[in-house]
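A short worksheet on the structure shown next.
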Amino acid sequence: MGPQPSMYPRPMPGGGAASYGRGGPLPYGGPQAGGPPPMDGGSRGGMGGSGRVGGGYQPFEGGFARGSDMGSGGRGGGRFSSDGGRGSSGGRGGRHGRSRDDLDNLTLPKQDFGNLVPFEKNFYVENHAVRAMTDQEVAHYRARRDITIEGQDVPRPIQMFHEANFPDYCLEVISRLGFVEPTPIQSQGWPMALKGRDLIGIAETGSGKTLAYLLPALVHVSAQPRLAQGDGPIVLVLAPTRELAVQIQEEAVKFGSRANIRSTCIYGGAPKGPQIRDLRRGVEIVIATPGRLIDMLEAQHTNLKRVTYLVLDEADRMLDMGFEPQIRKLISQACTICFFLLYFN
């Protein structure tokens, strides 16, 4: 395993700030809260694949979805491998001396959710070209891209990257990477995530799922008040293996090098010191395997009280690997008004 990606990216050319950071212009500028800290955060994911999106789906017995949208991607073209290569090591999140029962039965500190920081979650501004589509055109596009939807009041899909109204720095990176059009899971998933809807997405490996949740995550973070001393992350991405977690972080750097949001990767099989240091400094985005994150919470190196955007990547694999007790434990530590994005292969 190579070195963990640095938490701080290269400075922006000319030293300027990202055009859509906190306090930036509409539609994504958040409340003014002083100059934000440097960042890496962004996404991993490529093109190809197709999508299915809908709602009312309860992935766990306790039920995460609250009338959610559900999105999934089936087959499709695309050769991008950043969703591939899931290794099996670190599957329990790097337990380092802890048995599975230890993690499952561990009692984490009870959180006080009083005086929660108000947060925004609906940032979607429908592009005029999307708004002008007739119902027949929307149905034809979804059929052509193999997109299936379920749920109430599902927004129309976008067809081009600029229709999502992402910050300029995101569009510049997308252009530099040579992406031509959104994949189906992105086309339908971005409007849902930007509206702050609970979402279940199903798409094949290589379909661009990570971009589908990480670009809206950047927008979500940019609109929230800055972290105060002792605050935990705003966005939490859980992954079943350290390999996948590191891949997400590597792709995050591609999109985060020009944004002012910090991220870190928390996984087992690596020294805890640098991870603890990142958490104590404060990071807006944490990408983690469940076991190591539980260790960090038990030791009170961080907390999840500010988490308002929660992603389970390869949720089906995490359930197959027996992570459900740990996932429940982690969700109990998060703000009860956060919204969920679950992605299945």
(request) Return the only residue of Ala252, Ala217, Ala193 being of a type outside the set (S, T, N, Q), in contact with a Cys (Cβ under 9 Å, 6 or more places away or on another chain), within 16 Å of Tyr343 (Cβ to Cβ) and surrounded by 24 or more Cβ atoms within 10 Å (Cβ to Cβ). (result) Ala252
(message) Go through region 231-268 and report how many residues are β-branched (Val, Ile, Thr), touching a residue at least 60 places away in the same chain (Cβ under 8 Å) and not in a loop (DSSP other than H, G, I, E, B).
(response) 6
(message) Being buried (at least 20 other Cβ atoms within 10 Å of the Cβ), over 21 Å from His301 (Cα atoms) and modelled with pLDDT of 90 or more is the filter here; which residues of region 321-341 pass it?
(response) Phe323
(request) Test each condition in (1) touching a Gly at 6+ places or on another chain (Cβ under 7 Å); (2) surrounded by 22 or more Cβ atoms within 10 Å (Cβ to Cβ) for Leu312 and report the one that comes out false. (result) (1)
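Does Ala203 satisfy the condition of being touching a Lys or Arg at 6+ places or on another chain (Cβ under 6 Å), touching a residue at least 24 places away in the same chain (Cβ under 8 Å) and under 26 Å from Asn122 (Cβ atoms)?
yes
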(message) Looking only at region 293-318, count every residue that is within 17 Å of Val246 (Cα to Cα) and in contact with a Lys or Arg (Cβ under 8 Å, 6 or more places away or on another chain) and tell me the total.
(response) 3
(request) Return yes when Ala228 is over 11 Å from Ala288 (Cβ atoms), part of a loop (DSSP other than H, G, I, E, B) and out of contact with any helix residue (DSSP H, G or I) (no Cβ under 6 Å at 6 or more places or on another chain) and no when it is not. (result) yes
(message) Looking at region 292-305, I want the residues that are modelled with pLDDT under 95 and of a type in the set (S, T, N, Q) and have a partner that is surrounded by fewer than 19 Cβ atoms within 10 Å (Cβ to Cβ) and not in a helix (DSSP H, G or I) with Cβ atoms under 7 Å, at least 6 apart or on another chain. Which pairs are those?
(response) Gln300/Pro109; Asn303/Gln111
(request) Name the single residue, out of those in region 290-307 being of a type in the set (Val, Ile, Thr) and closer than 22 Å to His220 by Cα, that is surrounded by the most Cβ atoms within 10 Å (Cβ to Cβ). (result) Thr302
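When the residues of region 280-289 are filtered to those that are in contact with a helix residue (DSSP H, G or I) (Cβ under 6 Å, 6 or more places away or on another chain) and modelled with pLDDT of 95 or more, which remaining residue is nearest to Pro325 (Cα to Cα)?
From region 280-289, those in contact with a helix residue (DSSP H, G or I) (Cβ under 6 Å, 6 or more places away or on another chain) are 284, 287, 289; that's our starting set.
Remaining after also requiring modelled with pLDDT of 95 or more: 287, 289.
Numbers: Ile287: 19, Thr289: 13 Å.
By that ranking, first place goes to Thr289.
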(request) Could you grab me the full set of residues in region 99-152 that are at pLDDT below 65 and surrounded by 14 or more Cβ atoms within 10 Å (Cβ to Cβ)? (result) Arg100, Leu103, Asp104, Leu106, Leu108, Gln111
(request) Would you be able to tell me the number of residues in region 153-211 that are outside any loop (DSSP other than H, G, I, E, B) and either modelled with pLDDT under 90 or in contact with a helix residue (DSSP H, G or I) (Cβ under 7 Å, 6 or more places away or on another chain) (or both)? (result) 20
(request) Select from region 134-162 the residues that are of a type in the set (A, V, I, L, M) and in contact (Cβ under 8 Å) with a residue 12 or more places away in the chain and list them in ascending order. (result) Val138, Ile147, Ile149, Val154, Ile158, Met160
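The values are calculated or read from the model by the stated rules, or taken from the named source; none is laboratory data. In this text, all values refer to a predicted model and were calculated from it rather than measured experimentally. Neighbour counts run over all protein chains shown; Cβ positions are idealised from the backbone, glycine included.
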